[in-house]
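Colleague: Got a structure here, written out as structure tokens. Questions coming.
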Amino acid sequence: MKKIILCGGSGYIGTKLTEHLLDNTNYEIVIVDRLDFKLENKFKATKYSDSRITFHQKDIRNLDFMESIIKEDSYVVNLAALVGEPLCKIKPDEAVEVNYEAAKNLAELCKKKNIKKFIQLSTCSNYGQAKQMVDEDGELFPTSLYADTKVRLEKYLLQNVPNSIILRCATAYGLSVGRMRFDLLVSEFIKEAWLKKEINVFMPEVHRPIVHVSDISNAILLCINHIEPISRVYNVGSSDQNYTKREIAEKVSKRMGAPLKIVEKEDKRDYIVNFDRIKNELGFSTKLSAEDGIEEMVKILEDGSFDLNQSNV
């Protein structure tokens, strides 16, 4: 049985990935997370009590502990990070320490242990500004500390850690019942429409590719199951979900009946991304659309069963 270690596994992507692994594999799952943010009680009670899951409330910077659980037959997925520009602005020193130094040290430990695979989550925000469609070999132009830490980490892994896979994910959306976030682009539009009955959009014509959190989970599982060793960067998303912010907001508006309000605020990011590599090499394709994600998030709000204050800040 494969042993999957999810570092930062109690976050927005990590909890959805946990569900995906439980539902689609027989793998043993080891979750390491500091629990900086709220983990939904029902999710924790039902999923974390599964016999295949072991949970450790630990920090990946504790290398002695990480060394004690990582074995040669392990597959390590590193989702642990201070995610997003706002949080990294608040805690810049910790952002560098966790997102770059700790991830680098974890990867080196995995290299020493000669593990099966090291999969590192990264972000399409690394492209920063790309008016023409950009692929994995295109120029990186980080416009925030968050993206800068990811770019530095990517370069280190590609140069020093064989058999590491880097997944540059588009902006995530969709329901993750274990640990939802309402501070990401699609969910933030939904939150504004729900609470303020309007959607504030700044710099509406800039582009932002998006991808459902379930599709990210499937991409990670494809990488785990890929037989041949690979040391590669993959963009995770689909070329047909390269939207302008206005287009995304209009989809939310159509479902919720909230008008758009254009506001003055800077947005340094504007990028259009090509996702052919992961499709051609790993057979990955997205299954869910923006409309699917909007519908499931709105439905849970209408059911009155979700906390809109869940965010990373």
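Colleague: Under a crude label model (7 Å from the Cα following the beta-carbon direction), how far is residue 37 from residue 227 in nanometres?
Modeller: About 3.8 nm, to one decimal.
Colleague: Name the residues whose placed amide hydrogens come within less than 5 Å of the amide hydrogen of residue 201, ignoring near sequence neighbours (fewer than 5 apart) on the same chain.
Modeller: Amide H to amide H, under 5 Å and 5 or more residues apart or across chains, residue 201 pairs with 261, 262, 263.
Colleague: Which whole-Hz couplings ³J(HN,Hα) result when phi for each residue of region 154-171 is put into the Karplus expression 6.51 cos²θ - 1.76 cosθ + 1.60, θ = phi - 60°, listed in order with x for Gly and Pro?
Modeller: 4, 4, 5, 4, 5, 8, 10, 10, x, 6, 9, 10, 10, 10, 8, 8, 5, 4
Colleague: Along region 6-21, what does the Karplus equation 6.51 cos²θ - 1.76 cosθ + 1.60 (θ = phi - 60°) give for ³J(HN,Hα), rounded to whole Hz, x for Gly and Pro?
Modeller: Per-residue couplings from phi come out as 9, 7, x, x, 9, x, 4, 6, x, 5, 5, 4, 4, 4, 4, 5 Hz.
Colleague: Name the residue from 140, 206, 221 whose Cα lies farthest towards the positive end of the charge dipole of region 3-302, charges +1 on Cβ of Lys and Arg and -1 on Cβ of Asp and Glu.
Modeller: Among 140, 206, 221, the one farthest towards the positive end of the dipole of region 3-302 is 221.
Colleague: Within region 33-119, report the GluC sites (Glu not before Pro) that DSSP leaves as loop and that have at most 10 other Cβ atoms within 10 Å.
Modeller: Here the sparse-neighbourhood loop sites are 72.
Colleague: Does region 116-245 come out rounded, prolate or oblate, given a ≥ b ≥ c as the square roots of the eigenvalues of its C-alpha gyration tensor, rounded meaning a/c under 1.5 and, failing that, prolate meaning a/b above b/c?
Modeller: Because a/c hits 1.5 or more and a/b exceeds b/c, region 116-245 counts as prolate.
Colleague: Under a 5 Å amide H to amide H cut-off, with H placed in plane at 1.01 Å, what residues pair with residue 122 once short-range neighbours are removed?
Modeller: 167, 168, 169
Colleague: For residue 51 and residue 90 in one chain, what is 0.36 nm times their gap in residues minus the Cα-Cα distance, to one decimal in nm?
Modeller: Values: separation 39, 0.36 × 39 = 14.04 nm, distance 3.79 nm.
Value of the extension gain: 10.2 nm.
Colleague: Rounded to whole Å, give me the distance from the Cα center of region 34-95 to that of region 277-291.
Modeller: 26
Colleague: From the backbone phi of region 252-258, what are the Karplus-calculated ³J(HN,Hα) couplings (6.51 cos²θ - 1.76 cosθ + 1.60, θ = phi - 60°) in whole Hz, Gly and Pro given as x?
Modeller: Whole-Hz 3J(HN,Hα) from phi for region 252-258: 5, 4, 4, 6, 10, x, 9.
Colleague: With each run of n ≥ 4 DSSP H residues scored as -39500 (n - 2.57), what mean residue ellipticity at 222 nm is computed for the chain after dividing by its residue count and rounding to the nearest 500 deg cm²/dmol?
Modeller: The helix contribution divided over the chain gives -11500 deg cm²/dmol.
Colleague: Would you kindly state how much longer the chain becomes between residue 309 and residue 265 on full extension, computed as 0.36 nm times their sequence separation minus their alpha carbon distance, in nm to one decimal? Could you put the intermediate results ahead of the total?
Modeller: Details: separation 44, 0.36 × 44 = 15.84 nm, distance 2.24 nm.
That works out to 13.6 nm of additional length.
Colleague: What does the C-alpha gyration tensor say about the overall shape of region 256-313? Classify as rounded when a/c is under 1.5, otherwise prolate if a/b is larger than b/c, or oblate.
Modeller: Taking the square roots of the gyration eigenvalues as a ≥ b ≥ c, region 256-313 is oblate.
Colleague: Toward the positive end of the charge dipole of region 3-302, about the Cα centre and with charges on Cβ (Lys, Arg +1; Asp, Glu -1), which of 17, 54, 172 goes farthest?
Modeller: 54
Colleague: Within region 184-278, list the trypsin sites (Lys or Arg not before Pro) lying in a DSSP loop whose Cβ has at most 11 other Cβ atoms in a 10 Å radius.
Modeller: 197, 265
Colleague: Then there's this: At R0 = 35 Å, how high is the FRET efficiency between residue 205 and residue 156 if r is their beta carbon distance? Nearest 0.05 is fine. Before the final figure, lay out each step's value.
Modeller: Numbers: r = 35 Å, r/R0 = 1.00.
Rounded to the nearest 0.05, the efficiency is 0.50.
Colleague: Still on this structure, please answer the following. If you build a Gaussian network model of the chain, linking Cα atoms that sit under 10 Å apart, which residue out of 227, 294, 90 swings the most?
Modeller: In this elastic network of the chain, the residue with the biggest mean-square fluctuation among 227, 294, 90 is 227.
Colleague: Let me ask you something else. Apply 1/(1 + (r/R0)^6) to the Cβ-Cβ distance of residue 247 and residue 97, taking R0 = 30 Å, and write down the FRET efficiency to the nearest 0.05.
Modeller: Rounded to the nearest 0.05, the efficiency is 0.20.
FYI, it's all coordinate maths here, none of it is from the lab. Bear in mind that the values here come from a model prediction, so they are computed numbers and not experimental data. With ideal geometry, Cβ positions are generated from the backbone for all residues, glycine too; neighbour counts draw on all protein chains shown.
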